[in-house]
Structure formats: C-alpha cells, structure tokens
1. For residues in region 437-480 being within 25 Å of the chain's Cα centre (by Cα) and among the small types (Gly, Ala, Ser), which is farthest from residue 377 (Cα to Cα)?
2. Residues in region 534-550: is at least one buried (at least 17 other Cβ atoms within 10 Å of the Cβ), within 27 Å of residue 313 (Cα to Cα), out of contact with any Gly (no Cβ under 7 Å at 6 or more places or on another chain) and at pLDDT 95 or above?
3. Go through region 481-557 and tell me which helices (runs of 4 or more DSSP H), entirely inside it, have 1 or more residues that are acidic (Asp, Glu) and within 20 Å of the chain's Cα centre (by Cα).
4. Using the structure shown, decide if residue 221 is without any contact (Cβ under 8 Å) to a residue 40 or more places away in the chain and assigned by TED's automatic domain parsing to the domain that holds residue 343.
5. Consider residue 277 carefully, then state whether it is in contact with a Pro (Cβ under 7 Å, 6 or more places away or on another chain) and either in the same structural domain as residue 473 (by TED's automatic domain parsing) or hydrophobic (A, V, I, L, M, F, W, C) (or both).
6. State all residues of region 440-459 that are touching a Gly at 6+ places or on another chain (Cβ under 8 Å) and over 16 Å from residue 139 (Cα atoms); if no residue qualifies, say none.
7. Which strands (runs of 3 or more DSSP E) does region 258-300 wholly contain that include 2 or more residues that are among the charged types (D, E, K, R)?
8. Can you tell me which of 529, 471, 507 is in contact with a helix residue (DSSP H, G or I) (Cβ under 8 Å, 6 or more places away or on another chain), among the β-branched types (Val, Ile, Thr) and either under 21 Å from residue 421 (Cβ atoms) or buried (at least 21 other Cβ atoms within 10 Å of the Cβ) (or both)?
Amino acid sequence: MALRNPVTEPALVAALAETPQQRVLRQLLEALLFEGLVPCYKTDSHSEGWQWLNFPVGTLQARCRGRVRGFSRVRLDIDTLSFYRNERPVTVDLPALVQELPGSRSQHRVLLQELTATIANEEQLRNSHQTRRLHSRRSLHGEALDRAIHEGHPYHPCFKSRLGFGTDDLMRYSPETSASFRLYWVAVPRRYLDSQLPAPDLAFWQAELGEEPAFLLRAAFHRVGIDWQDYGAVPMHPWQWQHLSTGPLAKQLEDFAIRDLGPLGDRYQPSQSLRSLFNTNRPDKASIKLPLGIHNTSSRRHLEPHSVPSAPTISRWLERIVESDPRLSRDYPLRLLPEYASLSFSAQPGTLPGQHPLEGELAAIWRTSLSARLHEGEQAVPLNALFQWQPDGQPFIESWIERYGLEPWLNATLSALILPVWHMLAAHGVGLEAHAQNSLLVMREGWPNALLLRDFHDSVEYARNYLAATTPEPNLGERQAGYEQAPDDLYYRMTGPEALRELAVDTLFIYNLSELALLLEDAYGFAETRFWARVRALLDQYAQQHPELQRRLSRLGWDQPRLKTESLLTRKLQPDTGTLSHWVPNPLAITPTGTPTPFTDHQQARLS
C-alpha cells in the first residue's frame, strides 16, 4: 500500500484551489525563472526543498516560496508571493507586471492579451454546467478521458488563450463543453488539391462517411452545379469556415473557385488539442485533424502546409520501422496511430507548399481510431492524465498505486513510456515528439503494457548521419526534391543526433515526466531525486542490454551535465533574438562518485 505524504504541499493546494488568475501568474513567473529571463537567488543554495526565492522583475523585487526541481524546473507557492520597489511593498497587477518583462511594447501587448484571455476562458469554462458536473475521471479512458482532461498545459502561462474564439465559440468548440458538431464541407478544384487518399474518392468517402452521407456529399456537388471530376471535397472545422469565408481571405476563396457545400456527416467532439476531432457517432472510425486559425499556448493552430500531404508517407515509414524490429513488439512495445490519408489546398500540388495564405488553412488529416489499436480488456490513458489531481483531493492514479504499490507501478510505467521512444532514437535514429498529449499508455486494470503514439506529420525527426544502417530515409515521393533542397533543421531532416536528443528529452522528460515526478513527491513523498535516479537506472540498463549501441548512445550526449532545452515563453517575448533555447542542469548526469548530479549545484551556478 502506498503511503500518502503527511504534509500538504503547496503544489497540492494549488492544484485544487488556485484561481485562474493565480495559476496564470504562477506559471508566468515559473517560466520566467526556468528560461532565465529573470535571475533567481535561493536563500539556501544546498537545499532541494521549499525555501524563499528572490528574483528581480524589471524595477520590481519579488519574493516567493518555491523550489528548484529537476532540469531547473521551478515550482512556486503563489500564495506567498510579494513584490517590492525600493524595498517597499507594492501591489502589482498583471498588466503592470508584464510591462516589467523583457521584450518590446508590442510583444507585451500580445502576451497580456493571451494571458487575460486565458484567465477569462478558464473562468467561463470552470463555471459551465458541463465542467462542474465532472466529479471523477477514473472510470474513463480513451477519447472520453482525453476530452475530460481540462487542465491545459502545465507549464505554458497561456494554456487556454484560444484567441479567435468568441464566447459562443468557446462553449461550442472546447472539449470542456462541446455537445458535438458536424464538419463543414467545401469543394476545391482538383488542380489546387493535393490529395493523398488510399483509394479513389468515391470509395474513400463511402468507407469513411457511410453510404448515405457519401450520397449526400455527391448531391451537394450537383446542388451547387459542379462536377465530381473537376472538384474534390474537403472537410473543415465549422469555426474555420466561418473565419475564412467572412474574413480577409474570403476573396481568395472566390478567386480559386472554392465552393460552399454546407455541413453534413457524423458529429464530432474536440480533443484536448482542439483541432483533432473524435467521431461521436461512430467511435471506431478515424479521428480527423483540421486547421484551426486560433492562437493557443505557443502558436497559431493551422497545419504546417508541407506536412499535410507528407503525413501518410511519414506514418507508413514509421510503421515499416516498427514492424521490422521485433524488439518493438516484444521488449519495448510500441503501437502507432497512423495518419493514413490527407487532403490540402495547394497553389502548386506536388511541390513543397509556398507562401500562399490559404495553404495550411484548408486541409485535413485522417488518423486511425484508438479502438483499432486496442485489444480486448485494454484501455488507453493519455499520459497527462497521470499527473492530474481529482476533486476528492487524491491523484488520478491513486487506485493503481494502492493496488500495485508505488514503486512496482512506477517502474513499469517508466519502462513502458521511455524505452520505446529511446529505442527508436538509439537503435534507429528517429526522434519522436512524445509529449503528454501525443503519448498514451495501453493498460490492463491500471497496469501499463505498451506505449501508443500519435500525431506524426510534423513531430518526427531524423538525421542522415545518425540513421541506423538498416533504417531507410523516408521517401516523400513527388515532394522529395523539395525536401532534398531544403536546409537541415527545417522539416524532418536534422543536422545531427543532438537535435533528436533535444526533441526526445524536451518532450518526454523536461515538459512531461517532470510533472509526474512533482505529483509523486507531493502526494506520496517520493523524492524527485529518486525519480530521476530511476530514470537514469532504466537508461543505464538499456545500454547494458545493448552493447552494440554504445557508440550511438554516446553520440546522443544524453548524460552530460547540462542540456539545451526549448524556451517557450522566450518565443513570445523575444522572438527575434535567435536564442530560443537555454541550458539546464541534467539530473540524469552522473558525478565522478557515481551518483546522479544534484540539481542545486548547477542551478545556483546558472542563476547566481
């Protein structure tokens, strides 16, 4: 039986009682400290626990209880925050604080807009009837659990900005509140349509939509007076169609003879990522990913134009790698949700898309459903469910910890999550963006058995000088020449293994498993130093079991004292500096005495 931590830590209190304003402020300050945008001074440089942190923010001095965690991630107890100017206490609201940050006035204005939108949206969604009635998520899995994870990004302060949604849009198209909706359909002249379907149009639509909706789709063509031979059908998010057809690009739709067919077909509900939609009428059918021109967290949610027609090819390439390696079914079970079809507007189909404003705004990607990759008795649990708290004051994972014990369950979970990604990286030279929304654990009664990954079209990397001899480079067909001519680090091809390691370590460890480490320490008293020591032991064991990969593992440099990581907030405040990453101490490194590197020594050196 797991022992609960007898001390109620600030993180637990925050998870259950923080207001939207407090959470946005906390995550903003934590990101500023983590990315080194403001310096931080610890009162006890040798302590890894909670202590007073002091940090200047422009002309302000701030003081707050907090602790510096693995990879320099910072956690603050926002209830203890106070500001001073010239040694006198002052009250500082969010607009005044943002003005003190690095960056220009225009960047401050954009950031403040996103922060205030996040607060307003979170308040509205929290107060909705649909969100209030959700008391427990422990009985959910798969798509239902995905839609029920309402917390948003645990690091980014603009975790629910959703700029572009009006009040009604927010309620209709958010996973917290959506009652489902039909897709909107348009017809695109075939000379502007990049079609990557696994079957002729009519057969594809009959398989995807069913006989009657496919008939209604053809009837819509006749209704607007166009021919099936000259046009192809493309589904759209209803908000996206309204936005395009009434906005600055409406004239472009007319110039390219794109025709309105109206809504039809099954009903869909949004996933936690907003633009990936689950079929509610027929859950065994594909989910569909559509561009959505809103701003949320770090970026605008359109689809990268080059990645849409390449999506099926990239998925087939990954599937062939997994199928060719028996260790990825036997030792490090990995399952994929392939993207098997796509459609997109392209001013010049067959080439890498250029700069036309409609490219990336009219597109669709079909992804295999979760149920197609699960066996009887299995459940799929999104990774970010593992580090959530429930309204009853207990972690989401509490019943599994009680049943199996913390350490056995944790060991199995770490193995299931890390080793498939690590093996693809070390043995094949393929980097996978295994962040918390893209990663799902395949479980039986709460015991992890495999890793299920999704969303590959723009989140896979490789380096020619690091691909294994038996792992081919992807062949992207008629667009291959464009990819060949493009510089490294622009699309799928990276300069070398360091970029692949950064992708894997960022998404899997720094912004992902670190949240599970935080929960285990706060809920069960399982020290974070022990957590990263377990991860280090797991990676060491992998290396011992694969001596043939020793040179390849050393080229990754994963255990060096410091690692480079992406700076998400810096992208908003200083996008033109060219410095969009920073160095952090690595808790997976080993000191000469053979123990994991302490967090605090490197942290104090970096921050002092």
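The values are calculated or read from the model by the stated rules, or taken from the named source; none is laboratory data. Model, not experiment: these values are computed from the prediction. In this analysis, Cβ positions are derived from the backbone assuming ideal geometry, glycine residues included, and neighbour counts consider all displayed protein chains.
1. The selected residue is 463.
2. no
3. Here the list reads 497-504, 514-524.
4. On the way: without any contact (Cβ under 8 Å) to a residue 40 or more places away in the chain: no; assigned by TED's automatic domain parsing to the domain that holds residue 343: yes.
Criteria not met by residue 221.
5. On the way: in contact with a Pro (Cβ under 7 Å, 6 or more places away or on another chain): yes; either in the same structural domain as residue 473 (by TED's automatic domain parsing) or hydrophobic (A, V, I, L, M, F, W, C) (or both): yes.
It is true that residue 277 is in contact with a Pro (Cβ under 7 Å, 6 or more places away or on another chain) and either in the same structural domain as residue 473 (by TED's automatic domain parsing) or hydrophobic (A, V, I, L, M, F, W, C) (or both).
6. Across region 440-459, there are no qualifying residues.
7. Numbers: elements: 259-270, 276-279, 287-289, 292-296.
Here the list reads 259-270.
8. Details: 529 fails: either under 21 Å from residue 421 (Cβ atoms) or buried (at least 21 other Cβ atoms within 10 Å of the Cβ) (or both); 507 fails: in contact with a helix residue (DSSP H, G or I) (Cβ under 8 Å, 6 or more places away or on another chain).
Going through 529, 471, 507 in turn, just one is in contact with a helix residue (DSSP H, G or I) (Cβ under 8 Å, 6 or more places away or on another chain), among the β-branched types (Val, Ile, Thr) and either under 21 Å from residue 421 (Cβ atoms) or buried (at least 21 other Cβ atoms within 10 Å of the Cβ) (or both): 471.
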